[in-house]
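Following: one structure in structure tokens, then a few remarks.
The values are calculated or read from the model by the stated rules, or taken from the named source; none is laboratory data. The model shown is predicted, which means the values in this text are computed figures rather than measured ones. Glycine also receives a Cβ, built like all others from the backbone with ideal geometry; neighbour counts cover every protein chain displayed.
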Amino acid sequence: MQQPSMPTDLHASTMKRLNLKLIPFLMLLYMVAYIDKSNISVAALQMNAELGLTARMYGIGVGLFFLTYILFEVPSSVILTRVGARRWIARIMITWGIVAAGMSLVQSANQLYGMRLLLGAAEAGFTPGIIYYLSQWYPRSDRAKAMSFFYIGAALASVIGLPLSGAFLHLDGYFGVSGWRWLFLLEGIPAVVLGVVVLRYLPDSPHTTHWLQPDQQQWLSQTIAAEQATTPISPHAGWQMAFRSRQVWLLSLFWLLQAFGTIGITLFLPLIVKSVSGQDSFTVSALSALPFLFACVFMYFNGTHSDRTRERGWHLGVPLMIAGVLLAGAVATGNAWLAYGLLVVAVGLNWAATPVFWATTTEYLSGAAAAASIALINSIANIAGLGLPPVMGWIKDATQSYDYALLMVAAALLAGGVLGLYLVRAPRPVPAAEQAAGPLANSARADQRHETRGA
């Protein structure tokens, strides 16, 4: 009677090791990446005045990051599949850390634009690379929860990074250097250090890690390989398949609409909070961090519940629709603190769909096509980062308010929520014990018939 329990025991022990050894380190990497990408929102509290930037000019500077980020995202992800995650992620981190620290040297709007372009090129491929990497380690039945932990790193980056960045602004004048310059310098250095650590610590595959037992390595490799063999897009398909898949384009549209919230709100949140509260820079930074505590909680419970119930569509669509309604309510109310409270919950719910989305995406894809598709989806979503910040800045300059910009974001979230409900009938994740016991292929093929509408 002991044999049937062995796969379950292997599943539990292997996931425990992965959660202990991989997730905290990847969370740390993403925290640093997210801080370096978004700390300009806090730097703007001083930088805009010193460089003479209008809201529109600031929006252009924010958006230019996404231009090169989009252009280099797919090529960078394809290279990762060829040279290995460890070496390529280390390269990405070291180069973006150098550029992020170099942001402290800009003296004009044009120099800011140039550095943001370089930062986008340097960081391209990091997020899809990590998502692809996680899909090579976590079975379907555990993937949304794993993705939630990873993206909690981004939310924690705001919880920790926003007040930390606000504190760095108080270094203003030390050695004759502006506070926002200290911010860029001190927050860029950790990426370089961690890039070197990645080279020594991050394993490329289960077979190359020393902290998994041989039976765990074998079970994990066989489970992932068996799942990849049953994905609608074959693991042997080339990266060009990403551009020919209707489902990839639908997933891209959903992620673009969701990005209106993550990009449109996040990169302007300190400025929005300051405009309605009138508080000092540190208080504004602290108030701007609170929504991301809610994001951590919502992502964990939404991702875990999605894995447990083996349902994806409702877990994608409902949070976005509620977030859109709450954001519109925040604009409509005349009470500043009620508006802030609604904004806090709206941000949290917007992020809640993230781990479920990437779990769904990686259940549909594998191999080089998966890496390219993840990068393509992320690139299209980042079009919001390229176009939305200048538009939001223009609206603020024209109306002296962010209200119409936030209503535009709310409409996008509502549309994304509706698409999420339509889009996904995700495959029922097969429990790891069943996978190891043998019936995976038949079960997964049956699941594939219910994969998506119109795949």
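Would region 122-134 turn up any residue that is of a type in the set (Asp, Glu), out of contact with any strand residue (DSSP E or B) (no Cβ under 7 Å at 6 or more places or on another chain) and within 21 Å of ASN378 (Cβ to Cβ)? I'd like the intermediate steps shown before the answer.
Taking region 122-134 and keeping what is of a type in the set (Asp, Glu), we get 123.
If we keep only those that are out of contact with any strand residue (DSSP E or B) (no Cβ under 7 Å at 6 or more places or on another chain) too, we end up with 123.
Narrowing the set further to residues that are within 21 Å of ASN378 (Cβ to Cβ) leaves 123.
Checked region 122-134: at least one residue is of a type in the set (Asp, Glu), out of contact with any strand residue (DSSP E or B) (no Cβ under 7 Å at 6 or more places or on another chain) and within 21 Å of ASN378 (Cβ to Cβ).
Select from region 177-223 the residues that are β-branched (Val, Ile, Thr) and in a loop (DSSP other than H, G, I, E, B) and write down the one among them that is nearest to LEU164 (Cα to Cα). I'd like the intermediate steps shown before the answer.
Restricting attention to region 177-223, the residues satisfying the condition of being β-branched (Val, Ile, Thr) are 177, 189, 192-193, 196-198, 208-209, 223.
Pick out the ones that are also in a loop (DSSP other than H, G, I, E, B) and you get 177, 209.
Details: VAL177: 18, THR209: 35 Å.
Restricting to residues being β-branched (Val, Ile, Thr) and in a loop (DSSP other than H, G, I, E, B), the top hit is VAL177.
Taking interchain pairs and intrachain pairs at least six residues apart, which have beta carbon atoms under 9 angstrom, with the first residue in region 371-394 and assigned to a helix (DSSP H, G or I) and the second among the acidic types (Asp, Glu)?
These pairs meet every condition: ALA375/GLU73; LEU376/GLU73; ASN378/GLU73; SER379/GLU73.
Within region 80-117, work out how many residues are among the hydrophobic types (A, V, I, L, M, F, W, C), at pLDDT 90 or above and more than 22 Å from ILE189 (Cα to Cα).
Number satisfying all stated conditions: 1.
Can you tell me which residue is surrounded by the most Cβ atoms within 10 Å (Cβ to Cβ) among those in region 91-107 that are farther than 23 Å from ASN48 by Cβ and of a type in the set (Val, Ile, Thr)?
The selected residue is ILE92.
Can you spot a residue in region 327-346 that is surrounded by 17 or more Cβ atoms within 10 Å (Cβ to Cβ) and among the hydroxyl-bearing types (Ser, Thr, Tyr)?
Yes; the residues of region 327-346 include at least one that is surrounded by 17 or more Cβ atoms within 10 Å (Cβ to Cβ) and among the hydroxyl-bearing types (Ser, Thr, Tyr).
Of the residues PHE268, PHE282, PHE301, PHE260, which is among the aromatic types (Phe, Trp, Tyr), modelled with pLDDT of 85 or more and in contact with a helix residue (DSSP H, G or I) (Cβ under 7 Å, 6 or more places away or on another chain)?
Being among the aromatic types (Phe, Trp, Tyr), modelled with pLDDT of 85 or more and in contact with a helix residue (DSSP H, G or I) (Cβ under 7 Å, 6 or more places away or on another chain) holds for just one of PHE268, PHE282, PHE301, PHE260, which is PHE260.
Would you call ILE374 among the β-branched types (Val, Ile, Thr) and surrounded by fewer than 24 Cβ atoms within 10 Å (Cβ to Cβ)? Walk me through how you get there before you give the answer.
Numbers: among the β-branched types (Val, Ile, Thr): yes; surrounded by fewer than 24 Cβ atoms within 10 Å (Cβ to Cβ): no.
Taking the combined requirement at face value, the residue does not satisfy it.
Scan region 290-297 and give yes if some residue there is of a type in the set (Val, Ile, Thr), farther than 27 Å from PRO139 by Cα and surrounded by fewer than 18 Cβ atoms within 10 Å (Cβ to Cβ), otherwise no.
Scanning region 290-297 turns up no residue that is of a type in the set (Val, Ile, Thr), farther than 27 Å from PRO139 by Cα and surrounded by fewer than 18 Cβ atoms within 10 Å (Cβ to Cβ).
Please identify the pairs in which a residue from region 90-111 that is touching a residue at least 24 places away in the same chain (Cβ under 8 Å) has its Cβ atom under 6 Å from the Cβ atom of a residue that is of a type in the set (Asp, Glu) and buried (at least 21 other Cβ atoms within 10 Å of the Cβ), counting only partners at least 6 apart or on another chain.
TRP96/GLU123; ALA100/ASP36
Only one of these conditions is not met by ASP447: (1) at pLDDT 50 or above; (2) among the acidic types (Asp, Glu); (3) more than 30 Å from LEU271 (Cα to Cα). Which number is it?
Among (1) at pLDDT 50 or above; (2) among the acidic types (Asp, Glu); (3) more than 30 Å from LEU271 (Cα to Cα), ASP447 violates only (1).
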